[in-house]
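The structure under discussion appears below in the form of structure tokens.
No lab work stands behind these numbers, since they all come straight from the coordinates. Every value quoted in this text rests on a predicted model; they were computed, and no experiment measured them. Quick reminder, even Gly has a Cβ in these numbers, built from the backbone with ideal geometry, and neighbours come from all protein chains shown.
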Amino acid sequence: MSCYAERKKKRYKIFKIFLTIIILLSLFLIHYHFVSLPLIKSVSESKINKIVHEIVNNSANSILGQYDYGDFVYIEKNVDGEIEMIKIDTIRVNLLMQMLCFDVQKQISGSFNSIILQLGLFSGIAYFSEIGPEISIKVNINEIIHGELKSEFESVGINKTRHALYIYLHVNNDLILPMSKYTVKNAVRILICENIFIGDIPENYMEFNG
């Protein structure tokens, strides 16, 4: 066999190996993007949501225990004892909201910067999601935690109305995955206080600044 034919055969062999690697790599990337990644995101989001909710609830339990309904809401009545107006001390509520945001931010920043996934999860097969060595996946807080006040009235029986104040804490985290990064958004509802009123109450309430 001539040297030219031998070199040509060698180049063809190298080309086949290179083409095989490209095809296998392409198949792997397609499988990872369309099969593995959605499962990884789903499991990761579930883990992050659980951790965030635990942190927020622990923080709320430690801070809110010293307050009650009368600390945030003032009720005005007429001479007949009927409710005329329900006023919310928004300054005090906002201070509480800032305390919660600061405490949650501190706890998350200090103790929550990664989650653990099993290597089998990257196969894209749910059956293998809890199998294999552990892999640490980085999680970052991508913005300042902020709160939102909600006031809700709800009929709870004949001539009875429940009034509740909630804070919705919004916590967004960036999940850093191989060849991918996406944001996990959480809005955790925290009950600040509640009260049951008997009788008619005004349809509207007025917020005030202290």
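Classify region 1-121 as rounded, prolate or oblate, taking a ≥ b ≥ c as the square roots of the eigenvalues of its Cα gyration tensor: rounded when a/c is under 1.5, otherwise prolate if a/b is larger than b/c and oblate if not.
It comes out prolate by the Cα gyration axes.
How far apart, in nm, are the 7 Å Cα→Cβ label points at TYR74 and ILE116?
Computed distance between label sites TYR74 and ILE116 equals 5.2 nm.
GNM, the chain, Cα, under 10 Å: largest mean-square fluctuation among LYS138, LYS16, LYS41?
LYS16
For region 109-182, what class follows from the C-alpha gyration tensor (a ≥ b ≥ c being the square roots of its eigenvalues): rounded when a/c is under 1.5, otherwise prolate if a/b is larger than b/c, else oblate?
Here region 109-182 falls in the prolate category.
So, by mean Cβ neighbours within 10 angstrom, what's the order for 177-183, 124-130 with the highest one leading?
Values: 177-183: 12.1, 124-130: 13.7.
Sorting 177-183, 124-130 by mean packing, highest first, produces 124-130, 177-183.
Treating the angle as unsigned and between 0 and 90°, give the value, to the nearest 10°, between the Cα long axis of helix 3-31 and the longest Cα principal axis of the chain.
With rounding to tens, the tilt is 20 degrees.
Only Cα pairs within less than 10 Å get springs; with that Gaussian network setup on the chain, which residue of LEU165, LEU27, LEU96 has the largest fluctuation?
LEU27
From the alpha carbon gyration tensor of the chain, can you work out the equivalent ellipsoid semi-axes (sqrt of 5 times each eigenvalue) and give them in Å, largest to smallest?
60, 16, 14
Can you compute the charge dipole magnitude of the chain about its Cα centre, using +1 on each Lys and Arg Cβ and -1 on each Asp and Glu Cβ, nothing else charged? Give it in debye, rounded to the nearest 20.
Around 2740 debye, computed over the chain.
Could you grab the relative contact order for the chain? Cα pairs under 8 Å, six or more apart, rounded to a whole percent.
21
Just to confirm the number: angle between the C-alpha axis of helix 37-64 and the first principal axis of the chain, 0 to 90 degrees, nearest 10?
30
Which residue fluctuates the most in the chain, going by a Gaussian network model with Cα springs under 10 Å, if the choices are ILE88, ILE190, ILE21?
Per the Cα network of the chain with a 10 Å cutoff, ILE21 tops the list.
List every residue whose amide H lies under 5 Å from the amide H of HIS146, counting only residues 5 or more places away in sequence or on a different chain, with H placed 1.01 Å from N in the peptide plane.
Those lying under 5 Å, H to H, from HIS146 are HIS170.
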